[in-house]
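Bear in mind these aren't lab numbers, they're just calculated from the coordinates by the rules spelled out. As the structure is a computational prediction, the values presented were derived from the model and not from experiment. Cβ coordinates were reconstructed from backbone atoms using ideal geometry, including for glycine residues, and neighbour counts include every protein chain displayed.
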Amino acid sequence: MAEAVLTVKDRIIRASDVRDEWGLNLLIYGDPGVGKTTLCSTAQESAHGKDVLFLAAEPGTRSIADRDDVKLISLLTYDDLKEIHEFLTEGEHSFRTIVIDSLTEVQRLALESALQTAKDPAMPSINDYGRANELLIKAFRNYRNLAQDQGWTVIFTALARDVKDESTGGISCWPALSPKAAEMVCGSVDAIGHMALNKDGARVLRFVRNGPYIAKMRQPHKGPQIPQEFVAPHLGKIIDTLHNGGEFSDSKPKAVEGVVGVPQPAKPPASAKKTVQPAKK
């Protein structure tokens, strides 16, 4: 039986319905070891977030080896992303949160895929890097669209890197992706959280720009607001609040100490001549 085709009129919804019908796209980035993977696993404790499936492209998932309620699948090649996406959209499963851990490693898989047809895999050309960038962006869009098409939560993690603007000398902290991919990803997600450790070793998640750190949180101007900074963050609570539109249980933002940034506005990495520092290992 053929599926009914929706008319333009049928597809028009109220802006207030977005919270109920669309899912969430989140990007969490930061240095290695700050707890990005552990944070993402707490989505399992959300009524809207469970069940959680990790697409693990790096060994960081070892940090959640104590969780029997979270499922994961290793990404070994770029083609795995296409196969898993097909399963998620056509197969029967209970997953409502998909975690890509991490986009930085998916970028490496994309390059490996692009080099399979390269003239000299040992010496990648500009065209090879361009092809890899296209593959990365395609994979990102496919999974990002699951939020709107399926109403799920899709979380991307990434390492952080510093980008220097040669014209001003300013330093910005961006996800460790190619400049074009970083700009596209950051402009497409609902929220960008920068994660770090404060001077006491506590985990801090920031959804507001502070110094060089790129961050944002899309939420209505009216009504209860989610705090823009969290100490010891719990992603399950954040997801439930964004879906329900109610007051966050820890409604007063906790003071963030010891996370120091350069007091200057951050600029997109492609806006000026720049020197890109390698991703922090």
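Values computed for the structure shown
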| item | result |
| --- | --- |
| Sequence of Met184, Met195 once ranked by neighbouring C-beta atoms within 10 Å, starting from the fewest | Met184, Met195 |
| Whole-Å distance, taken between Cα centres, linking the stretch 134-199 and the stretch 28-102 | 17 |
| At R0 = 41 Å, FRET efficiency that the Cβ-Cβ distance of Ile73 and Gln225 yields, to 0.05 | 0.70 |
| Calculated FRET efficiency for the pair Phe87/Gln116, C-beta based, R₀ 25 Å, to 0.05 | 0.60 |
| Förster radius 51 Å - calculated FRET efficiency between Ser125 and Ala47 (Cβ-Cβ, nearest 0.05) | 0.55 |
| Proxy reagent accessibility, fewest Cβ within 10 Å first, across Val208, Val163, Val189, Val34 | Val208, Val34, Val189, Val163 |
| Debye log10 I(q)/I(0) at q = 0.14, 0.19 Å⁻¹ for the stretch 103-213, Cα point scatterers | -0.70, -1.08 |
| Chain lengthening between Val5 and Ala65 when straightened (0.36 nm per residue, less Cα-Cα) | 17.2 nm |
| Over the stretch 113-153: Kirkwood hydrodynamic radius from C-alpha pairwise inverse distances, Å | 11.6 |
